[in-house]
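Here the structure is laid out as structure tokens; the discussion comes afterwards.
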Protein chains: 2
Amino acid sequence: MSDSALWTALADPHRRAVVALLLERSRPVGEIAEACGLSQPSASKHLKVLREAGIVRVRQDAQRRVYALDPAPIAALDAWLAPYRRLWNRSLDALGRRLDEAPDDSTEPSTPKD
Amino acid sequence: MSDSALWTALADPHRRAVVALLLERSRPVGEIAEACGLSQPSASKHLKVLREAGIVRVRQDAQRRVYALDPAPIAALDAWLAPYRRLWNRSLDALGRRLDEAPDDSTEPSTPKD
DNA sequence: CGGTTATATGCCCGTCAAGGAATATTGGAA
DNA sequence: TTCCAATATTCCTTGACGGGCATATAACCG
């Protein structure tokens, strides 16, 4: 959970794919593995990394382990990003762009790129 | 620059330290190395990774190479984050918090954590 | 040109993360 | 209890990464 764990967890493309998938909805390991083209053991390992980074949490449903996103760590990422946002906001301002007035859910619904 | 390069570049704590340092102001390699407690070769190598990820750009000043942050990739990170922001905004909403009305530069000036 | 400063590169090595296959574990069903 | 489904864990091998050191490169100065 050491913040560094957060970065290393998200450094892996497969894990980012898993995270993107879980944004849509919570899923058991099998589904995750299939959707991301991972072997079951590989999926379990990646989920372990994400779990230890605090990015996902598990709920046990019979033999299934249903994984879900935990918002907090991603929020931490956003906080890390904040100082830099000032930087590129300056760049956008230089172009005369103003997007800040957009409403709360101005972004596309679910599927993120990558 | 393959977006994956962005993540792997920022996955290293030293490189995040360099990035944080450059947020303050542009610096030549020597200064970066000293400030981050890196050997000169190590600093050069890390800067190379950051450069190839598009995170920093170089300006040559005599024998010096002055490195500066490039806002774009960090903006890309922010874009990646956007869909998730909806998620944890929901969490905050559940707490009845409303921070969206904060002005443009509502965040702390410079030095980020980590 | 020779020397010096600033930076980049190449090499070697230890470490660590990831994938694959097999196996252990746990919960449920017969 | 015995079998089955879902998931976790272990072992092994391989490849990428980072550090330290020496060295190459490039720009300035005399």
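Ranking A:Val49, A:Ala11, A:Gln63 by Cα position along the charge dipole of region A:3-70, where only Lys, Arg, Asp and Glu carry charges on their C-beta atoms, puts A:Gln63 farthest toward the positive end. Whole-Hz Karplus values for region A:14-23 come out as 4, 5, 5, 5, 4, 4, 4, 5, 6, 5 Hz, taken residue by residue from phi with 6.51 cos²θ - 1.76 cosθ + 1.60 and θ = phi - 60°; glycine and proline positions read x. Our estimate of slack between B:Arg64 and B:Lys48, defined as 0.36 nm per intervening residue step minus the Cα-Cα distance, is 4.3 nm. Computed about its Cα centre, the charge dipole of region B:42-82 is approximately 280 debye, with only Lys, Arg, Asp and Glu carrying charge at their Cβ. Where chain B is rotated onto chain A, the residue of B whose Cβ comes nearest the axis, and that gap in whole Å, is B:Ala11, 2. Between copies, the label points of A:Ser2, set 7 Å from Cα on the Cα→Cβ line, lie 2.9 nm apart, reported in increasing order to one decimal in nanometres. Across region A:6-73, Cα pairs under 8 Å and at least six residues apart give a relative contact order of 36 percent. Each copy carries a label point for A:Lys45 at 7 Å from Cα toward Cβ; from one copy, the others' points are 2.4 nm away, ordered from shortest. What the phi angles of region B:38-53 give under the Karplus curve with 6.51, -1.76 and 1.60, with θ = phi - 60°, is a coupling list of 10, 5, 4, x, 4, 4, 4, 5, 4, 5, 5, 4, 4, 5, 5, 8 Hz, glycine and proline written as x.
Take B:Ala82, move 7 Å from Cα toward the beta carbon, and the resulting point lies 2.2 nm from the same point in each other copy, nearest first.
Dipole check for region B:3-70: with +1 at the C-beta of Lys and Arg, -1 at the C-beta of Asp and Glu, and the Cα centre as origin, the magnitude is about 160 Debye. For A:Arg27, nonlocal amide neighbours, meaning residues 5 or more places apart or on other chains whose placed amide H falls under 5 Å from its own, are A:Tyr67.
Report the percentage of all Cα-Cα pairs in region B:3-70 whose separation exceeds 14 Å, rounded to a whole percent. Above the 14 Å cut-off, region B:3-70 has 50 percent of its Cα pairs.
Where a number appears in this text, it was derived from the coordinates with a stated rule and is not lab data. Predicted, not measured: the structure shown is a model, and the values here were computed from it. Here Cβ is always computed from backbone atoms with ideal geometry, including for glycine, and neighbour counts include all displayed protein chains.
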